[in-house]
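Input: a single structure, listed below in structure tokens.
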Amino acid sequence: MPTGSKNPNILLGWILDSLGLVKRKIESWGDEEEFGALHRIMSEALLLEPLKGWDIKTLGDVCGLSQTGMHHQMLKLREAGLVSSENNGRWHIYVLRGGSITSAVNLMAVQAKEIIELRLLELNSHIKHSDKRMEIPGETIEDNFKIKISEPSAIKDNESRFDALLDDLGLNGDRAKDTDDLAKKVFIELANSSNPITILSLSDKFSESRSRIKRTVDRFRNSNIVERVPMLDRIAQDIYIGMTRQYDARGEEWLFTRGGFGRINESIATKLVNGIKNNNLDSDIVQELLLPLSIEKQKILLNTLGGRMPYGYRIKGRNGEDVRENVMRSVDRTFLRLKTVAERLDKSINAVD
């Protein structure tokens, strides 16, 4: 959020970007931000006189855009639910819904939340219930929440209702071909699994590149439907491989210094090293010895030994209802932020007036 800013341009730019209507060229919200056509339409016309009744020609004259360009931009604002229109002869007359940006965002939020609830009910029926799925705590990363909210669209030839749903939610990506069903296959695989699945496993199963699988999974992660989780059952195996390799290459002293053994319980460290020396250690014994250590300490030990924490992916919830709650929590938080910034923007505009 543009914390503390009272600059109307920055506040408006944040709202348009958060709704996916524009893309910023820089990461920070500063005075150096360059704003585009949609921003000019809002700031130079609709925000100043929200109920004037703007037609394409008048808006184009104010904002310096062609009629074709204006039609494209106004279509985006209408689809987002910020403006409404009515016919007046040959012209469409546009107004900012509710007469202010705060009212427009509030009206849009009510409609959007009803629609996404409806779509999530469709999605939920495809998720297999599993209590085991959520035994391991997952990551808590929700800063990149992104989901497309749209009413059910027309179903294309040779397309199922489920195919259309994934497309409507934006989970197929912006440039997916009609024949591309990778998102569907990945979702079904995760939705029917009680255990986390790695990118490599998905890549092998569907004969797709890891990068393409990763992009697909990331869309589900950004929508808060899927989450990344540490593969705890593999930590002991990777620590065993790492400590054996480092002992052979660098010796016992290195393990107790830079190898991280000096940071853990001395008794555990000694048993691990003695096991390597006596050649009577395996991953099962390592796992048993590491049980008193917290997962966080095990992760650190793996790191210092030169390994990397293995991660898998899973549906974020025991069932479809859990997933619905997760997504709606993110939706509610997003609209709360939008309302807060919209109110601040209205105050800034009124202060200037």
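The values are calculated or read from the model by the stated rules, or taken from the named source; none is laboratory data. Fair warning: this is a prediction, and the values are worked out from it, not measured in the lab. Note: ideal-geometry Cβ built from the backbone for every residue, glycine included; neighbour counts use all protein chains shown.
Side notes on the structure shown:
- Among (1) crowded, with 19+ Cβ neighbours inside 10 Å; (2) in the same structural domain as Ile15 (by TED's automatic domain parsing); (3) within 23 Å of Asn7 (Cβ to Cβ) - the single one Gly81 does not satisfy: (3)
- The condition of being basic (Lys, Arg), farther than 15 Å from Ser330 by Cα and at pLDDT 95 or above does not hold for Lys132.
Per-residue answers, yes or no, for (1) among the acidic types (Asp, Glu); (2) without any contact (Cβ under 8 Å) to a residue 40 or more places away in the chain:
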site: Leu165; (1), (2): no, no
site: Asp168; (1), (2): yes, no
site: Asp178; (1), (2): yes, yes
site: Leu182; (1), (2): no, yes
site: Phe187; (1), (2): no, no
site: Ser194; (1), (2): no, no
site: Ile197; (1), (2): no, no
site: Arg210; (1), (2): no, yes
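- Cross-chain or 6+ apart pairs with Cβ under 6 Å, the range 1-21 first and surrounded by fewer than 20 Cβ atoms within 10 Å (Cβ to Cβ) and of a type in the set (Asp, Glu), then at pLDDT below 90 and in a loop (DSSP other than H, G, I, E, B): Asp17/Arg24
- Unique match (being crowded, with 18+ Cβ neighbours inside 10 Å and either part of a helix (DSSP H, G or I) or in contact with a Gly (Cβ under 6 Å, 6 or more places away or on another chain) (or both)) among Leu190, Leu200: Leu190
- Of everything listed in (1) surrounded by fewer than 20 Cβ atoms within 10 Å (Cβ to Cβ); (2) more than 30 Å from Arg219 (Cβ to Cβ), the single unmet condition for Met328 is (2).
- The sole residue among Arg212, Arg161 that is under 18 Å from the mean Cα position of the chain (by Cα), surrounded by fewer than 18 Cβ atoms within 10 Å (Cβ to Cβ) and either among the basic types (Lys, Arg) or not assigned by TED's automatic domain parsing to the domain that holds Gly320 (or both) is Arg212.
- Residue that is out of contact with any Ser or Thr (no Cβ under 7 Å at 6 or more places or on another chain) and not in a loop (DSSP other than H, G, I, E, B), where the choices are Asp174, Asp167, Asp180: Asp167
- Lone qualifier among Asn319, Asn326 - being touching a His at 6+ places or on another chain (Cβ under 8 Å), within 30 Å of Lys113 (Cα to Cα) and touching a residue at least 60 places away in the same chain (Cβ under 8 Å): Asn319
- Lone unmet requirement of (1) small (Gly, Ala, Ser); (2) buried (at least 19 other Cβ atoms within 10 Å of the Cβ); (3) over 29 Å from the mean Cα position of the chain (by Cα) for Gly98: (2)
- Among the residues making up the range 116-131, a single one is assigned to a loop (DSSP other than H, G, I, E, B) and within 20 Å of the chain's Cα centre (by Cα): Ile127.
- Test: Arg234 is part of a helix (DSSP H, G or I) and within 30 Å of Val110 (Cβ to Cβ): no
- Restricting the first member to the range 278-306 and to residues that are under 23 Å from Gly251 (Cβ atoms), and the second to residues that are part of a helix (DSSP H, G or I) and among the charged types (D, E, K, R), the beta-carbon pairs closer than 6 Å and six or more apart or on different chains are Leu289/Lys271; Leu302/Asp238.
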